[in-house]
Amino acid sequence: MRLAAIFLAASSLMGAGAAYAQVPVKIGVLNDQSGLYADLGGQGSVWAAKKAVEDFGAAAKGLKVEVIFADHQNKADVGTSVARQWYDVDGVDAIFDTPNSGVALAVSGVTKEKNKVFINSGAASSDLTGKACTPNTVHWTYDTWALANGTGKAIVKTGGDTWFFLTADYAFGHALERDTEAVVLANGGKVAGKVRVPLNNADFSSFLLQAQSSKAKIIGLANAGGDTINSIKQAAEYGIVEGGQKLAGLLIFLTDVHSLGLKVAQGLNLTSAWYWDMTDANRKFADAFAAANGGKRPTMVQAGVYSGVTHYLKAVEALKSAKDGAAVVAEMKKIPTDDPLFGKGEVRADGRHIHPMFLFEVKKPSESKGPYDYYTLKATIPANEAFRPIGEGDCPLVKKG
Amino acid sequence: MFELLGIPPQALFGQLLLGLINGAFYAMLSLGLAVIFGLLNVINFTHGAQYMMGAFGAWMLLNYAGIPFWGALVLSPIIVAAIGMVIERTLLKRLYHLDHLYGLLLTFGLALILEGLFRRQYGSSGLPYNNPLPGGTNLGFMFLPNYRAFVVVASLVVCIATWYVIERTKLGSYLRAATERPDLVQAFGIDVPRMITLTYGFGVGLAALAGVLAAPAYQVSPTMGSNLIIVVFAVVVIGGMGSIMGAIVTGFGLGIVEGLTKVFYPEASSTVIFVIMAIVLMVKPAGLFGTAK
C-alpha cells in the first residue's frame, strides 16, 4: 500500500517536473442535475468537460485540470450561491454549461464581480451577449436570436406568416418570443397573439385552444424541455395540425425528440448548433458518449461544453495561468476557435462564439434507423449569418461606430 | 353575438370543459388523499410518486410485456397498490401512534427516493406513450378529443363509486367506524389492521389510476407527480381534510377556476389555487366541506 503511494507520488512528480511547473485549473460544471433540463445537460455535460480535458492532453501541456459539478435546481439563488462558494472558497477558475437563462444571467454577474470565467452552453437568452454582456462571459452554443433566425425565418419564408406564441413566462421565454417576433415582422409576417404560460405547466390544452381560435397559421412554442414536449403532445391530441395550423418548436433538443417519439414529433423544423450524426468526428464523440452514458447520444449543449472547455484550455495554456478571468476571455477572443465538434470559428468581442447553425427536420418513423436517428439536414446557416450582428445587441463592450 | 368580458361564449364553454377535464385529475388524486387521511390519519406525501408510478407502470407494461392501455388501466393500479400495501405493512403502521408529522416525513422521503430511482433509470425528460383513443368530436364551440372525454367520464364514475362505497354501504360504515374507535370495531370481530392496509392500497390505487389516465395526455416523467401533488394538497385543504365529497367537488371546481384563469390572466394560472387556499383558510379553516374537530 505505502509502496504504491510512493510510486504514485513519484510518477506524478515526474510527469509534472518534465518541462515546467504545472498550472492548476479548476473547472466547475454548474447545471440542472435533477429537473427538466437534466437530460440535455446534467451529467452528460460533466462527462463532456472531462473528455475535453482528456483529449486536450492537459497534463502533457502543463495544466493540472480538475472538474467538479453542482446542481443549480433551476433556481437563480442556488446558482449564485454555488458560484460564490466555488469562486471564493473552492478555487474554481471557470464555470461551464448552466442552462436556464435566469440562472445564467445571475451567474454571469457573479463571475464578472469575481473576475473569473463563465462559458455558457446550455442557456438561450441572447441578452448574455447583448445588454448583459461582460468581459468574463462567453456564450458558446446557441442563443434565442440564432434560433429565431433559423427556425423563424425558414417558416415565414415558406408561407407561415401569421404567428401565435406560447411563451414560457421567464427570462428565456421572453427573449425567445422577442427575437422571433422581430424576425417574423422583419420578414413581412404578423403576430396574431401570444400567451405567457407559467414554467413547468402540465396542461396546455387551454392555451392551445386559444391559439387555435386565433386562426394563426403558426403556433410558435417559445418554451423548452418538458413544456415543449407537453405542448406538442397535446397539440396532436387536439387536432391542431389536422386543422391546418403548424407548430414551430423554437427550441427543441435531441432529448426532447427522443422523449416525444417520432410518431408525434415527425415533421417538426428545428434549429440546432450540432447534431451527432453529421461528421465522423461527431459520431466518434457520440459513440464514446453513449458508451459512458447508458447508450444516450449527446445534445448540442453537451457537445458545446466539450468544445468550450477545449478552447478555454487553449487560452489558459497560452497565458500559463487561469487566475485572471478577463485576461483568459480576452485570449479566447484573440485565438481562433478550432475543435473536432464545432470546427473553425471565433469568439467575438461581445463574447458570442460564432459558428454555423443548422436547420433540421425531424424524420418520419419509417425513415429512422433506430433510437437517436432523428434529424434530416435541411439547410446550413453560415457562421456570418447565424448570429445577431455585433452592432445590434447593445453590448456595452462593443463601441458603436 | 354577445361577448362576455371580451371572450366569445364559444371560447368560454371550451375553457369550462377543459377546466372540468383538469379537475378530473385533481378530483381523483385528492380523493385518494382524502380517503387515506380520513381513515388512516396519514398525510400521504408519496401520493405524487404513486401517481407517477401508475403512469410508468402503464409504460412498462406496454414496452416490456406488450400489454396495451386498457389492460394497464386495471393492472398498473393493482401493482402500485400492492407496493403501497407493502409500504403500509412494513413502514407506515409503525407510525400510527405518533404525530402526523412523522408519517408526513416518511412519505415525503419515500417520494424523493422513488422519484430519484426513476430519474436514474429513465432520465428526466420523460417517455412517450401513445394516445389509445385518437381523434375527437367537434362540438361546435370546441374540438373535444375522445380521450379527454373518456377521462372525465371515467373519473366521475370512479369518484362517485368511491363516495357511495364509503358513505352508503356497510363496508363503508365499518371503515368510518374504525377510524373513530378502532378498539371497539376490533371487538366486534372485524380485522381492523387488514382493513387499514386495504384502504391505503385503495387510495394508492386511485393515484396510480390517475397516473395511467395521465400517461397518454401528459409526458410520462419522474417529476410529473411532484409538480402536481402540491396543487392536489391545496385542493384537499380547500375541500376539507378527509372529506370525500369535499375532495371530489373541490377537485372539479378548482379545475374550472384554473381553466378560467388561463383565459383571463394566464400568468396567474399556477398560483390561483393557492390564493383560493389562503382565502379559504382565513374564512373557514376546516375547509369548505370539513367539520372542525
Could you tell me whether the stretch A:175-186 includes any residue that is away from chain B (no Cβ under 12 Å), of a type in the set (Val, Ile, Thr), closer than 22 Å to residue A:145 by Cα and not in a helix (DSSP H, G or I)? no
Run down A:157, A:153 and say which single residue is more than 24 Å from residue A:120 (Cα to Cα), in contact with a helix residue (DSSP H, G or I) (Cβ under 9 Å, 6 or more places away or on another chain) and more than 14 Å from chain B (Cβ to nearest Cβ). A:153
Search the stretch A:191-220 for residues being assigned to a helix (DSSP H, G or I) and at pLDDT 90 or above, and hand back the single one that is nearest to the other protein chains (Cβ to nearest Cβ). A:207
Report yes if some residue within the stretch B:256-279 is more than 14 Å from every other protein chain (Cβ to nearest Cβ), within 28 Å of residue B:80 (Cα to Cα) and either crowded, with 17+ Cβ neighbours inside 10 Å or modelled with pLDDT under 90 (or both); otherwise report no. no
Criterion (within 24 Å of residue A:106 (Cα to Cα) and modelled with pLDDT of 90 or more) met by exactly one of A:23, A:46, A:65, A:53: A:46
Out of A:362, A:398, which single residue is touching a residue at least 40 places away in the same chain (Cβ under 8 Å) and more than 21 Å from residue A:148 (Cα to Cα)? A:398
Of the residues in the stretch A:233-281, those that are surrounded by fewer than 24 Cβ atoms within 10 Å (Cβ to Cβ), without any contact (Cβ under 8 Å) to a residue 60 or more places away in the chain, more than 10 Å from chain B (Cβ to nearest Cβ) and assigned to a helix (DSSP H, G or I) come to A:280
Looking at A:230, A:223, which one is at the interface with chain B (Cβ under 10 Å from one of its Cβ atoms) and buried (at least 24 other Cβ atoms within 10 Å of the Cβ)? A:230
Based on this model, can you work out whether residue B:211 counts as part of a helix (DSSP H, G or I) and in contact with a strand residue (DSSP E or B) (Cβ under 9 Å, 6 or more places away or on another chain)? yes
Members of the stretch A:30-75 found to be of a type in the set (Gly, Ala, Ser), on the phi > 0 side of the Ramachandran plot and surrounded by fewer than 21 Cβ atoms within 10 Å (Cβ to Cβ), listed by number: A:57, A:62
Answer from B:136, B:84 - the residue that is of a type outside the set (Asp, Glu) and surrounded by fewer than 21 Cβ atoms within 10 Å (Cβ to Cβ): B:136
If I filter the stretch A:328-350 down to residues being buried (at least 17 other Cβ atoms within 10 Å of the Cβ) and touching a Leu at 6+ places or on another chain (Cβ under 9 Å), which single residue comes out as nearest to residue A:382 (Cα to Cα)? A:350
Among residues of the stretch A:223-265 being touching a Phe, Trp or Tyr at 6+ places or on another chain (Cβ under 6 Å) and of a type in the set (S, T, N, Q), the residue nearest to residue B:134 (Cα to Cα) is A:234
Filtering the stretch B:58-80 for residues that are outside any loop (DSSP other than H, G, I, E, B) and surrounded by fewer than 24 Cβ atoms within 10 Å (Cβ to Cβ) leaves a count of 15
Restricting the stretch B:215-237 to residues that are closer than 15 Å to residue B:57 by Cβ and assigned to a helix (DSSP H, G or I), the residue that is farthest from the other protein chains (Cβ to nearest Cβ): B:225
Test residue A:120 against the stated conditions and say whether it is crowded, with 24+ Cβ neighbours inside 10 Å and farther than 20 Å from residue A:270 by Cα. yes
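The values are calculated or read from the model by the stated rules, or taken from the named source; none is laboratory data. Bear in mind the structure is a predicted one, so any value in this text is a computation, not a measurement. Cβ coordinates were reconstructed from backbone atoms using ideal geometry, including for glycine residues, and neighbour counts include every protein chain displayed.
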